[in-house]
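Since the structure comes first, as structure tokens, the remarks are kept for the end.
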Amino acid sequence: MHTPRLSTLLLQPVKRLPEFVSPLLIGAAVLFLGLAPTRTAFAQAQQDTRQAKQAMFPSPSEALLRELEAIYKDIHANPELGMQEFRTAKIAADWLRKQGFEVTEKVGGTGVVGILRNGEGSTVLLRADMDGLAMKEDTGLPYASKKEGKDPSGAPSPVAHSCGHDMHVTWLMGVTRMLAEHRNNWRGTVMAVFQPAEETGVGARAMIDDGMVKRFPKPDVVMGQHVMPLRAGQIGTRVGLLLSMSDSLEVKLFGRGGHGSSPEKTVDPVVMAAASVMRLQTIVSREVGISEGAVVTVGALQAGNIGNIIPNEATLRLNIRTFDEKVRETVLGSIRRIINAEATASNAPRPPAFQEGTRFPPTYNDKVATPKVVDALKARFGADQVGEIVPASASEDFSWFARAWNVPAVYWAVGGTDPKLYDELAREGRTNEIPSNHSPQFAPVITPTLSRGIEAMLAAAGPWLGPQSR
């Protein structure tokens with residue numbers, strides 16, 4: 001996914017919410033603009049350090065981190081597309097069993113749910129997504145993916161973990177080991193959810209449709225986190241609206257094909273499609289104000305396969321991001337009006353065919369649960385490591401779990417960019433060069449990203465699992 005840059009906001013406190021900026025493509029994922037950690041006085045930092053030392057869970061041991069690093073590299077080198085995560089799901093399920101979890105496999109297809117009961121107390125759902133992307137990796141890493149799979153249409157495609165879901169899986173595996181090994185430090189029930197198909201937006205709903213609400217305990221809170229190209233170790237979240245809604249749309253335009261030497265005898269769907277794409281770019285700015293936070297992206301235009309043949313059809317695939325339901329309705333209506341009008345102007349033999357795809361809900365962080373998480377993260381890492389972020393035009397299906405049970409949800413970002421590289425590029429004003437999620441060069445540094453994500457999820461769950469929550 002395309003990730004807006006955060007370097008300028010990393011160096012100063014948040015004073016106001018910035019304007020909505022560049023779009024993020026689909027994917028759970030996931031995702032954020034404008035991390036701005038708040039600077040603290042020396043005394044506050046000292047207090048935070050003392051609190052961290054009194055944390056419920058110690059830092060992961062070097063032995064555990066080495067074990068998890070090997071697992072991470074293996075998953076990274078062997079990515080699987082949504083609803084095809086058979087190998088990854090087995091790794092997660094086998095791991096959970098070794099930690100003493102009650103394990104249920106094949107939930108919603110390839111989903112895995114692990115339950116660890118440890119006395120009376122709250123129930124916390126911790127989620128990690130497992131799927132990779134239909135794209136080729138270009139990181140040059142010794143454990144880079146060389147795998148190929150089949151995309152949803154059945155066409156062969158390279159596969160890569162270019163959004164960080166391999167890190168998410170490894171984080172949650174580390175968390176479950178720590179929970180199992182330190183049962184004396186907490187009480188309650190933990191539900192570890194390894195979810196398929198976040199990138200296509202169908203995984204969470206598939207698990208819910210498979211009876212998840214009835215089959216497993218109702219959580220008191222749902223939590224998730226995403227690795228981002230922030231400075232490694234930095235954490236960002238916010239109360240309220242965090243991520244946008246997302247709609248996918250496929251449009252087929254119909255023409256009348258013929259020889260490339262005689263275009264006047266045809267109705268050219270390529271020209272029709274190209275004109276539509278250009279006109280669609282005016283929706284945001286001419287019909288919807290840019291401050292209203294809409295994004296319209298045409299990610300694919302497919303037509304024909306040879307230069308001297310005008311095809312009969314052209315296909316557009318669109319992604320739309322909005323933060324407000326009324327704005328969403330306006331944008332979707334404008335898209336239909338513009339494409340239909342271009343077809344009429346081209347004298348198309350039949351109207352365009354519109355097919356709606358996956359819809360992602362907006363992601364909201366609960367106004368009561370989120371401050372608890374933020375306080376716990378600051379106590380663990382220090383206030384200068386945890387900052388507020390602003391709503392982003394990216395989307396996630398994570399919140400379907402909270403919606404299904406009608407319980408609070410909290411979601412946050414964890415930085416994964418090498419600190420030395422990040423600081424160097426920040427000084428030079430070149431943080432736009434850092435590969436972001438969905439880039440073929442995206443690859444988080446393992447240290448300290450791996451340990452930070454494990455500790456962050458454990459710390460975030462602490463207010464519900466600690467002695468004070470009994």
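Under a 5 Å amide H cut-off, with hydrogens placed 1.01 Å from N, Leu81 pairs with Gly132 among residues at least 5 apart or on other chains.
Taking Cβ atoms as reference points and 10 Å as the exclusive limit, the residues near Ala232 contribute a net charge of +2, counting Lys and Arg as +1 and Asp and Glu as -1. Note on Lys367: lysines with a C-alpha under 22 Å away, same-chain residues under 8 apart excluded, are Lys15, Lys218, Lys378. For Lys136, a cut-off of 28 angstrom between C-alpha atoms picks up these lysines, skipping any fewer than 8 places away in its own chain: Lys73, Lys90, Lys106, Lys146, Lys147, Lys150, Lys252, Lys420.
Write out the trypsin sites (Lys or Arg not before Pro) in segment 363-439 meeting two conditions: DSSP loop, and at most 11 other Cβ atoms within 10 Å of their Cβ.
On the way: sites: Lys367, Lys372, Lys378, Arg380, Arg403, Lys420, Arg427, Arg430; in loops: Lys367, Arg430.
Here the trypsin sites (Lys or Arg not before Pro) that fit, given the DSSP loop and packing criteria, are Lys367.
3J(HN,Hα) couplings calculated from phi for segment 291-296 with the Karplus curve 6.51 cos²θ - 1.76 cosθ + 1.60 (θ = phi - 60°) are, in sequence order, 6, 7, x, 10, 9, 10 Hz; Gly and Pro show x. Of all DSSP beta bridges confined to the chain, the antiparallel ones make up roughly 65%. Each residue of segment 364-377 was assigned a 3J(HN,Hα) from its phi angle through the Karplus curve 6.51 cos²θ - 1.76 cosθ + 1.60 (θ = phi - 60°); the sequence is 10, 9, 4, 6, 9, 6, 4, x, 5, 5, 4, 4, 5, 5 Hz, with glycine and proline shown as x. Specify the inter-centroid distance of segment 361-419 and segment 153-209, based on alpha-carbon positions, in whole Å. Their Cα centres are 16 Å away from one another.
3J(HN,Hα) along segment 402-418, derived from phi through the Karplus expression 6.51 cos²θ - 1.76 cosθ + 1.60 where θ = phi - 60°, amounts to 5, 5, 5, 9, 6, 10, x, 10, 9, 9, 8, 10, 10, x, x, 8, 3 Hz, with x in place of Gly and Pro.
The stretch between Tyr143 and Ala70, if pulled fully straight at 0.36 nm per residue, gains 25.3 nm over its current Cα-Cα span.
Each principal axis of the Cα cloud of the chain was taken in turn, and the coordinate range along them, longest first, works out to 79, 46, 44 Å.
Laboratory data are not the source of any read-out in this text; all were calculated from the coordinates shown. Computed from a predicted structure; not experimentally measured. Cβ sites come from the backbone with ideal geometry, for glycine too, and all protein chains shown count toward neighbours.
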